[in-house]
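S.K.: First, the structure itself, so that you have it in front of you.
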C-alpha cells in the first residue's frame, strides 16, 4: 500500500483571533489528517526518534567528555519544526548535537559531498556544504517554510548522486 504523506504546513497558519472558528477547525482537521498520513509512512516517527535519541545523549553538560553544553531546549523545538518542514523527497539526515548544545542535521553522500545544518534555539540555521570542488555556507532564519538556500543546497547534494 502506498500512502501519500505531504509535508505538514508547520506554522503557516497562526491561531490568532482573526481566524474564524470554522477556518480554525478546518485547519486542525487538516493538520491531524496530514500528521496521521505522515506517521503512516514511518518517516516522521523515525526522524523524531533519532532527534530524541541524539538529545538524550546530550542531556547533561560534558556529555561528550570534552565540556560539551547540554542540548538547548529551544534548539530541540526548532529542529522539530525543521524536520516537519523537510520535504519527503530528500533523504533523512543524520541527527546529532554539537558541543555548543545545538542540533545538527547532516546529509553525507561521500568524501566530497556533504551538507550540514546547525539549528540554534532562536531558529537560526547555520549551514555548510561541500559539493565536489564547490562549497557553500551561510545563515538563514527558520520560518514557516525552509529557506530557499537550504532547499537549493539539498537539491545540489542530491544531484551529485
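Just so you know, all these numbers are worked out from the coordinates, no wet-lab data involved. Every value quoted in this text rests on a predicted model; they were computed, and no experiment measured them. Glycine also receives a Cβ, built like all others from the backbone with ideal geometry; neighbour counts cover every protein chain displayed.
S.K.: To the nearest 0.05, how large is the calculated FRET efficiency for residue 62 and residue 111 if R₀ is 30 Å and r is the Cβ-Cβ distance? Walk me through the numbers on the way to the answer.
M.R.: Working: r = 31 Å, r/R0 = 1.04.
Working from the Cβ atoms, E equals 0.45.
S.K.: I've got another one for you. With an 8 Å cut-off on Cα pairs and a minimum separation of 6 or more residues, tell me the relative contact order of segment 21-159 in percent. Intermediate values should be presented prior to the final figure.
M.R.: Details: 204 pairs, mean separation 23.0, N = 139.
Rounded, it is 17 percent for segment 21-159.
S.K.: Follow-up question, since we're still on this one. If you take every DSSP beta bridge whose two residues both sit in segment 21-159, what share of them, in percent to the nearest 5, is antiparallel?
M.R.: Counting only bridges with both partners in segment 21-159, antiparallel ones make up about 100 percent.
S.K.: Taking 0.36 nm per residue of separation and subtracting the Cα-Cα distance, what length does fully extending residue 100 through residue 73 add? Provide the component values of the computation, followed by the final result.
M.R.: Working: separation 27, 0.36 × 27 = 9.72 nm, distance 1.23 nm.
Residue separation times 0.36 nm, minus the Cα-Cα distance, leaves 8.5 nm.
S.K.: Also, I was wondering about something else. Roughly what would the spin-label model give for residue 45 and residue 135, points 7 Å off Cα along C-beta, in nm?
M.R.: The two pseudo-label positions are separated by 4.2 nm.
S.K.: Same structure again: For segment 59-73 and segment 118-161, compute the distance between their C-alpha centroids and round to whole Å.
M.R.: Rounded to whole Å, the Cα centres lie 25 Å apart.
S.K.: Rounded, prolate or oblate: which one fits segment 45-115, using the alpha carbon gyration tensor with axes a ≥ b ≥ c (rounded when a/c is under 1.5, else prolate when a/b beats b/c, else oblate)? Working shown, then result.
M.R.: Values: a/c = 2.33, a/b = 1.40, b/c = 1.66.
Verdict is oblate for segment 45-115.
S.K.: A follow-up question, please. Calculate, in nm to one decimal, what residue 145 and residue 22 gain on full extension: separation in residues at 0.36 nm each, minus their alpha carbon distance.
M.R.: Working: separation 123, 0.36 × 123 = 44.28 nm, distance 2.45 nm.
Result: 41.8 nm gained on full extension.
S.K.: Over segment 39-85, what is the relative contact order in whole percent, taking alpha-carbon pairs under 8 Å and six or more residues apart? Let's see the in-between values first.
M.R.: Numbers: 27 pairs, mean separation 14.1, N = 47.
Contact order relative to length: 30 percent.
S.K.: Under 1.5 on a/c is rounded, so check that first for segment 21-159, then, if it is not, pick prolate when a/b is larger than b/c and oblate when it is not; a ≥ b ≥ c are the square roots of the alpha carbon gyration tensor eigenvalues.
M.R.: Working: a/c = 1.80, a/b = 1.24, b/c = 1.45.
Oblate, because a/c is 1.5 or more while a/b does not exceed b/c.
S.K.: Follow-up question, since we're still on this one. Listing 104, 60, 126 from the residue with the fewest other Cβ atoms within 10 Å to the one with the most, what is the order? Mind showing how you got there, number by number?
M.R.: Numbers: 104 19, 60 11, 126 16.
Going from least to most buried by this count: 60, 126, 104.
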